[in-house]
Amino acid sequence: MKKLSELYNCNNDVLISDIKINSKEVKKGDLFVCTKGVTADRHDFVDDAVKNGASAIVASRKIDVAVPVIMVEDTNKELPLLCSRFYDHPEEKLKMYAVTGTDGKTSVATIVQYLLGSNNCGYMGTNGRSCYKFNKETSNTTVDSDKLYKYLNDFLEAGCKEVMMEASSEAFFRGRLTNIMYDIGAITNVTREHLNIHGTFENYLNCKCQLFRQIKKDGYAILNKDDEYYNEIRKSCNCENVYTYGKGEENTLQIVNFEIFPNKTKVTYKFDNKTYNVESPLLGEFNVYNLACGLLVAIASGRTLEEIIPNIASINVSGRLDILPNIGQKFTVMVDYAHTPNGISNLLNFVKTLNTNRSIVVIGAAGERDFLKRPIMGKTVVDNASYAIFTYEDPRSEDPADIINMMTKDIIDKSRYEVVVDRSLAIKRAIDIAKDNDIVLILGKGNETYEKLKTGTIYFNDIEEATKYLKERLEKEKVTN
C-alpha cells in the first residue's frame, strides 16, 4: 500500500491498495489506469471503476470524476513504470529469465524451474504461476503489467531469487514487458502464428526479437541454431554472451544423437568438449530441443550440468503429452496443448513412431485469432493422423461452425474426418470409437480449465472430460460383458 503522493509528484495522500486496468476487478482503494486496448478504451469505464471503489485515476484525456486524476501522456506506456514503482521494482531484485518462441515456451520454462528448483525459481506462463510455496492460475501466457509486477513481488516474498517466465509476442507488442531487462533470454523456434495481432510475419518476428534487445549487456541469449530464422534473431542480440543449441558441432550445446521410446527419450548432448548421456521423461524430437534450451538457461544461470542433470528425471510439463492413466482401456488417451501447424505436425510425427494402430485426433481452432492458419491446421491433422474430429476451441464471439468450415475447406478426402461441434461430445465420440491399440489425441487446450464461448467463460478441462468418458465406456462394457 502506498500514498498517491509516493507514486506521483502531487499533494494528495490518498492511500492506494492496488493497481487495476479492469474496472470490474476494482476494489476499494485501487488506482484505476485507463489503458487503451484493441477493442476498448478504458477511459470509457472510469465511472464503473469509481463506483467499485477506485480512490484515484490515471488518464491521458480529460475526465470528470469525484476522485483525484493523474494526467499522463500515454497510459499504456505509463502502466509498467507505475506498477514497478508501486511494488518497489521487484524486477530489479530478481534474476529475470524469459523464453519466447512459437512452440515450446511452456515446456522450456517448466524445464528450467525443475532444473533450478522451485525453492529458488518461480515460474510464470500458460500453466499459471508457481514456486514451492504456491501454485495459482494466470489469465494469459504473459499477463498485463498490473498483474505482472504483483506476481513478481509475490515471488520475492516467497523467497525466490529467480523467475523463469514465458514471454509472448503479444506481450511485447502490447508493451507489457518494456520495463524489464533480462539476465537470460531464450527462444525455441519461430513459425507463422498470431498474424491477427501482428499483421505480417515480419512484425511477428520483430516482436520475438525484442526479447534479445532487452537482455542486459552482461546477460545471456540462448538461440536455436537449427531454426530457420536464427540469423535474424542473432542480429537482435545486444548482450555479450550468446549460447546456441542444435545438431551442429559448432553449437555451445550439441545434440549429438537421441533415441525415442514410448515412455522416455535417451539423448547424448555435448558441452565444453564433454559428452553427457541423459535419460528424459519428455518424449519426441521437439522435446530434445526444448530440453537443450532449458539446460543452456540453467548453465547460463551459473549451474553445472553435473549439478542439474539429476533433476531431469522428475520433469513433468502439465498439459504437454499428458497420457491419461490406464484404467482398463486397451487404447491410449493423450492430451496436449499443440495448437499451431508446426506443433501439431511435430506431435503427430512423434506419434507415428509409436507402436500403435490408428491415431484419432480431436481438435479445434481459437476464435478471434489468426484465421489464416486454420486451414493449414486442419490439413496438417488429416494428412498426419488416421482420423480427425473437428470441434470448437475457445470460439469467443465467432460461430464455431464457421471456424470448423475454415479448418476443413482444403481437405479433399471427407471420409477422413467428422464434425462434432460440442467439445465435450467430440471427446466422447473419440473415446467411443477407439479400438485396441489406438491412440486418442485431444489437442489445443492441454490442462487449461476454461472454454471461452460467446455467452461467457465456462469451466472445462480436457483431461477431466476424457477421464469421465473413459469411465463411462468401461462401465458400459462391464454391463455388456
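The values are calculated or read from the model by the stated rules, or taken from the named source; none is laboratory data. Note that the structure is a prediction, hence the values are computed from the model and not measured. So basically every Cβ, Gly included, is an ideal-geometry build from the backbone, and we count neighbours across all protein chains shown. These accessible areas exclude ligands, DNA and RNA; they are computed on the full protein's heavy atoms, side chains included. Shrake-Rupley method; radii C 1.70, N 1.55, O 1.52, S 1.80 Å.
Data overview
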| item | result |
| --- | --- |
| Förster-model FRET efficiency, 41 Å R0, residue 232 and residue 43, C-beta, rounded to 0.05 | 0.60 |
| Residue 200-residue 480 FRET efficiency (beta carbon distance; Förster radius 41 Å; 0.05 resolution) | 0.15 |
| Area accessible to solvent at residue 406, 1.4 Å probe radius, in Å² | 50 |
| Listed residues 280, 139 arranged by accessible area, highest first, probe 1.4 Å | 139, 280 |
| Within segment 58-158: Cβ-based charge dipole about Cα centre, in debye rounded to nearest 20 (Lys, Arg +1; Asp, Glu -1) | 200 |
| Contour minus Cα-Cα distance for residue 437 and residue 69 (0.36 nm per residue) | 126.0 nm |
| Label point distance in nm, residue 119-residue 277, each placed 7 Å from Cα along Cα→Cβ | 3.1 |
| Rounded FRET efficiency, nearest 0.05, which uses the C-beta distance separating residue 218 from residue 268 and R0 of 45 Å | 0.90 |
| 0 to 90° range, to nearest 10: angle between helix 341-352 axis and the chain longest Cα axis | 30 |
| Gained length - residue 414 relative to residue 261, 0.36 nm times residue gap less alpha-carbon distance | 51.8 nm |
| Additional length obtainable on full extension of the chain from residue 458 to residue 158, 0.36 nm per residue less Cα span | 104.9 nm |
| Built amide H within the under 5 Å cut-off of residue 41, gap 5+ | none |
| Where segment 243-323 is the region considered: accessible area per residue in Å², 1.4 Å probe | 44 |
| With DNA, RNA and ligands ignored, accessible area of residue 61 (1.4 Å probe; Å², nearest 10) | 100 |
| Solvent exposure ordering (accessible area, 1.4 Å, most first) of 475, 398, 285 | 475, 285, 398 |
| Pairwise centroid distance, computed over Cα atoms, of segment 1-79 with segment 265-294, Å | 49 |
| Qualifying GluC sites (Glu not before Pro) in segment 64-120, DSSP loop, other Cβ atoms within 10 Å at most 13 | 73 |
| Accessible-area value, residue 217, 1.4 Å probe, nucleic acids and ligands omitted, Å² | 130 |
| Total charge dipole magnitude, segment 327-481, about the Cα centre, Cβ charges on Lys, Arg, Asp, Glu only, Debye to nearest 20 | 300 |
| Charge context of residue 389, other residues only, Cβ under 9 angstrom, K/R +1, D/E -1 | 0 |
| Theoretical ellipticity at 222 nm over the chain - DSSP helices of four or more residues, -39500 (n - 2.57) apiece, nearest 500 | -9500 deg cm²/dmol |
